[in-house]
Ligand code: ME8
């Protein structure tokens, strides 16, 4: 099979931020995944370099437009290797062949009678680089850029988008996968339920010179979208290139919802006018927000990818981005959230599984993959790995990366539990149980091998290290068929492991940042000290910091057999775990499912009435209606499960 996947081409009016990084990480991950399944893949990204805002930005910086676009485009190009993103093609709209192709298409569409000259008055948003309809404005402002658009009247060229409206509606209805997730497909269909206005595609050169001249009227340059969208064709050598033949019919575009209309309406109608088959799929994601507001260069609340890579490491950043955002919905960025993911999912779960398992193989089997007794029918991890592979393939194909990672983490967490349940350290003491020990170790190593494959698209660097540690050949991660190599039992016994460094050193939570400046802090500490000294058993801030409090969502609850007091709660925090709580007298299971409660997340597990409890739920002991009872603690607004409490 063949895959052609693109990101938007980013405006060069400022430097890359987390939003651009996310789309490009998603696209890189998908490319790597498709390669793992055996596809021939082409991945394209690039920069959009014409238009009002670029010309304005260049002027602000005191540079010529060309100098300016070369510089900022270079920043985008240089950012991607830092994030281990490997596009096959980086296109710039100032490339000569792009300019020539845009002009050729303009002429073709004009000759067909789909471009006409007319006068127009409209509300123009420079941020969006398009006229907004009255309906789109919120309190007279652009809802994305929070600016009042400028009223502009001018004579311009228009593209007869309306001519293709019905054909587009029919196509969207007949192809449910054309625009996903479904919410965006519905949004587009709803927009198309009203008559489409034609699209203004030009700017007079009296107002803007930084654009591609119209081939049929050199007093005008083309309007940004008619130029930019065509990059998806020029990048594969349209009209005559071999790559165009190979890739166009399978084109998939990845964008955020801000540019849904240009991609779901302008672009398909342009393609129809050109007489080409429509692209295959449009994948639309939500916004990364910081403090509830969309992160954007115009608003100025940006998070820089290079900084995050410097602080947390590239694979942690890639993992965080894909795990934290449910593709299609908005997500919130915070340093706490990324540290929590790193320490919990990466260092504790994955890192520990790798180091514990391999350390035991070094200790108990001289660092060599053991052979398994055929008679041992322990298939716990094998069965789980097979079902995880099925979920993984389906969700990765559907751009549900957070779900793929959840499934993979289920395997990691079960493998960690498998160590505890099987106690290899006990097995090793009994010479008669060597066979069993070997099976347990083999199953763990084979699980790790599969993890290197499943996680390679998301964390290529880490998987390379893991593969080296497992003694796998260098090209093991480039295997071309995940379905084949994703099968159980491919790890060869006798393979020698290699010692590697810890995969994810934990990131210390910065206490300094939370403290007031030095002098003030000293004064404050003195005060606190006197007060603390009077509190019996007072703990220090450092001691308190060791307690990991989190918000957990109760997903299931049941009474514990033979106990009047205990409820067994299954919670999402965000890993799934069981907590046994002494609240049965006050709450019935059906009342509390869906509730968000506060938990202590890093307690040593204990067994209560035979059920292992992995944490503790916080509750207030209080007098209510004259009776003493426990009242569960909760948060005042719904928050993502697993949020840290500080
Ligand atoms: O629109 N959250 O370029 P652009 C998530 N040149 N993704 C975000 C984001 C955020 N807060 N902010 C930006 C343009 N993005 C045009 C595109 S394509 C033919 C022309 C990402 O630099 C996301 O992919 O404004 C979004 O669609 C894109 O950057 C917009 O980039």
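The values are calculated or read from the model by the stated rules, or taken from the named source; none is laboratory data. Keep in mind it's a predicted model, so treat the numbers as computed, not measured. Here the Cβ positions follow ideal geometry from the backbone for every residue, glycine too, while neighbour counts run over all protein chains shown.
Quick notes on this one:
- The criterion of at least 3 residues that are under 23 Å from residue 218 (Cα atoms) and at pLDDT 90 or above is met, among strands (runs of 3 or more DSSP E) falling completely within the stretch 52-143, by 115-125.
- Residues that are in a helix (DSSP H, G or I), touching a residue at least 60 places away in the same chain (Cβ under 8 Å) and within 23 Å of residue 22 (Cα to Cα), drawn from the stretch 456-476: 460, 461, 462
Here's the yes/no breakdown for (1) in a strand (DSSP E or B); (2) touching a helix residue (DSSP H, G or I) at 6+ places or on another chain (Cβ under 6 Å):
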position: 551; (1), (2): yes, no
position: 558; (1), (2): yes, yes
position: 561; (1), (2): no, no
position: 577; (1), (2): yes, no
position: 580; (1), (2): yes, no
position: 590; (1), (2): no, no
position: 599; (1), (2): yes, no
position: 604; (1), (2): no, no
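- Any hit, the stretch 263-280, residues being surrounded by 17 or more Cβ atoms within 10 Å (Cβ to Cβ), touching a strand residue (DSSP E or B) at 6+ places or on another chain (Cβ under 6 Å) and over 21 Å from residue 183 (Cβ atoms): no
- Residue within the stretch 330-339 that is under 18 Å from the mean Cα position of the chain (by Cα) and within 12 Å of residue 504 (Cβ to Cβ) present: yes
- Conditions (1) closer than 30 Å to residue 332 by Cβ; (2) out of contact with any strand residue (DSSP E or B) (no Cβ under 8 Å at 6 or more places or on another chain); number of the one not met by residue 564: (1)
- Pairs with Cβ under 7 Å, 6+ apart, first in the stretch 218-233 and under 19 Å from residue 53 (Cα atoms), second near the ligand (Cβ under 10 Å from one of its atoms) and assigned to a helix (DSSP H, G or I): 225/262; 225/266; 229/262; 229/266; 229/267
- The residue list 96, 112 contains one member that is touching a helix residue (DSSP H, G or I) at 6+ places or on another chain (Cβ under 9 Å) and surrounded by fewer than 20 Cβ atoms within 10 Å (Cβ to Cβ), which is 112.
- Put simply, of 115, 105 the only residue that is over 31 Å from the mean Cα position of the chain (by Cα), farther than 21 Å from residue 57 by Cβ and more than 16 Å from the ligand (Cβ to nearest atom) is 115.
- Check on residue 403, within 22 Å of residue 491 (Cα to Cα) and surrounded by fewer than 20 Cβ atoms within 10 Å (Cβ to Cβ): no
- Some residue of the stretch 273-284 being farther than 17 Å from residue 184 by Cα, touching a helix residue (DSSP H, G or I) at 6+ places or on another chain (Cβ under 6 Å), within 11 Å of the ligand (Cβ to nearest atom) and touching a residue at least 40 places away in the same chain (Cβ under 8 Å): no
- Within the option set 346, 308, being within 15 Å of the ligand (Cβ to nearest atom) and in a helix (DSSP H, G or I) holds for one residue only, 308.
- Matching residues in the stretch 14-49 - criterion: being modelled with pLDDT of 95 or more, within 16 Å of the ligand (Cβ to nearest atom) and out of contact with any strand residue (DSSP E or B) (no Cβ under 7 Å at 6 or more places or on another chain): 21, 25, 29
- Long-range neighbours under 6 Å by Cβ, at least six apart or interchain, first residue at pLDDT below 70 within the stretch 291-307, second assigned to a loop (DSSP other than H, G, I, E, B) and more than 9 Å from the ligand (Cβ to nearest atom): 298/145
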